[in-house]
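Read through the structure below, which is laid out as structure tokens, and then see the notes.
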Amino acid sequence: MTSPSVVSALTIAGSDSGGGAGIQADLKTFAAHRVHGLSAIAALTAQHTRGVTAVNVPPMDFLRAQLDACFDDFDIRAVKLGMLATAEVIGVVADALHTHRPAAVIVDPVMVATSGAKLLEDSALQAMRSHLLPLAHVVTPNLPEAELLLGRAIADATAMRQAARDLLALGARAVFLKGGHLPGDADVVNLYCDEDGLAETSHPRLPLEAHGTGCTLASAIAARRAQGMPMKDACLAASDYVHAALRGGYRPGRSDILVLDHVGAAPRA
């Protein structure tokens, strides 16, 4: 048997029928970074730019079959985890990661959609803390997600820095905490935290609402790691990619929510 000639990244997440987030955004991001994209669908959503109308979770044996099929044939250099809606799904994914031991695991702890729809069962929150965070090479929460993981409010930049350190203590090797939900018109500041300390990156706050930014950020990190970039550099580069994709965003639906421009933001060869 021949060896794969191209590296791959795998997304384990939910499918967005509206094409702006989830598996669809992940695969667009992988393609923009010239990484072969694989997917294991952990949930099906009926979704558009105005909200989520239904969620269906596939049978667990089928989810595991998707995962094993991907690892059996491809040179998977990074795995991105997105919407894992139940404790049972988290258990199956965690077991597969223990079995296959990918070199990089990027955990986007998806809990609430941009529309406000809840995407995580209550019982899954503790499963995420105990089963996924210890496997994460980086976890990429926004502030509301970080508040749920830590069980407290994060009201300002000082609290955000402490939150990044406390999230690291939950078991992930690194944290990339997104600050877009802090109030005010100041630049959006994201914090990278690992055992070596804190680093930050900032971009001008754009006057718009967008769909799929968290999915895109985590999958851009995965793509960069699959190409061999160090984690800190991958996170900072992914933040630049999302900002560029936001600036080129467009409105395919009947709401004011933008979808990211992955083609226009694609890194130069």
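For the reader, a short list of remarks on this structure follows.
- Residue within the range 220-228 that is of a type in the set (Lys, Arg), modelled with pLDDT of 95 or more and in a helix (DSSP H, G or I) present: yes
- Filtering the range 135-152 to residues that are open to solvent by 10 Å² or more (accessible area, probe 1.4 Å) and farther than 16 Å from residue 232 by Cα leaves 135, 142, 144, 145, 147, 148, 150, 151, 152.
- Scanning the range 1-21 for residues that are farther than 13 Å from residue 71 by Cβ, touching a residue at least 60 places away in the same chain (Cβ under 8 Å) and in a strand (DSSP E or B) yields a count of 4.
- Residues within the range 233-267 that are surrounded by fewer than 17 Cβ atoms within 10 Å (Cβ to Cβ) and within 17 Å of residue 24 (Cα to Cα), tallied: 6
- Filter result for the condition that a residue is loosely packed, with under 14 Cβ neighbours inside 10 Å and either more than 29 Å from residue 250 (Cβ to Cβ) or charged (D, E, K, R) (or both), over 164, 199, 155: 155
- Of the residues making up the range 42-71, those that are under 17 Å from the mean Cα position of the chain (by Cα) and either closer than 24 Å to residue 245 by Cα or open to solvent by less than 20 Å² (accessible area, probe 1.4 Å) (or both) are 42, 43, 45.
- Identity of the residue in the range 195-219, in contact with a Phe, Trp or Tyr (Cβ under 9 Å, 6 or more places away or on another chain) and part of a helix (DSSP H, G or I), that ends up nearest to residue 107 (Cα to Cα): 218
- Selection status of residue 259, hydrophobic (A, V, I, L, M, F, W, C), touching a strand residue (DSSP E or B) at 6+ places or on another chain (Cβ under 6 Å) and under 19 Å from residue 181 (Cα atoms): yes
- The range 72-94: number of residues that are open to solvent by 40 Å² or more (accessible area, probe 1.4 Å) and among the hydrophobic types (A, V, I, L, M, F, W, C): 1
- Answer residue from the range 35-91, given it is among the small types (Gly, Ala, Ser) and assigned to a loop (DSSP other than H, G, I, E, B) and is modelled with the lowest pLDDT among those: 85
- Some residue of the range 170-183 being farther than 16 Å from residue 239 by Cβ, surrounded by 21 or more Cβ atoms within 10 Å (Cβ to Cβ), touching a helix residue (DSSP H, G or I) at 6+ places or on another chain (Cβ under 7 Å) and not β-branched (Val, Ile, Thr): yes
The values are calculated or read from the model by the stated rules, or taken from the named source; none is laboratory data. Computed from a predicted model, the values in this text were never measured in an experiment. Positions of Cβ are backbone-derived with ideal geometry, glycine not excepted, and every protein chain shown enters the neighbour counts. Keep in mind that these areas ignore ligands, DNA and RNA; they rest on the heavy atoms of the full protein, side chains included. Shrake-Rupley method; radii C 1.70, N 1.55, O 1.52, S 1.80 Å.
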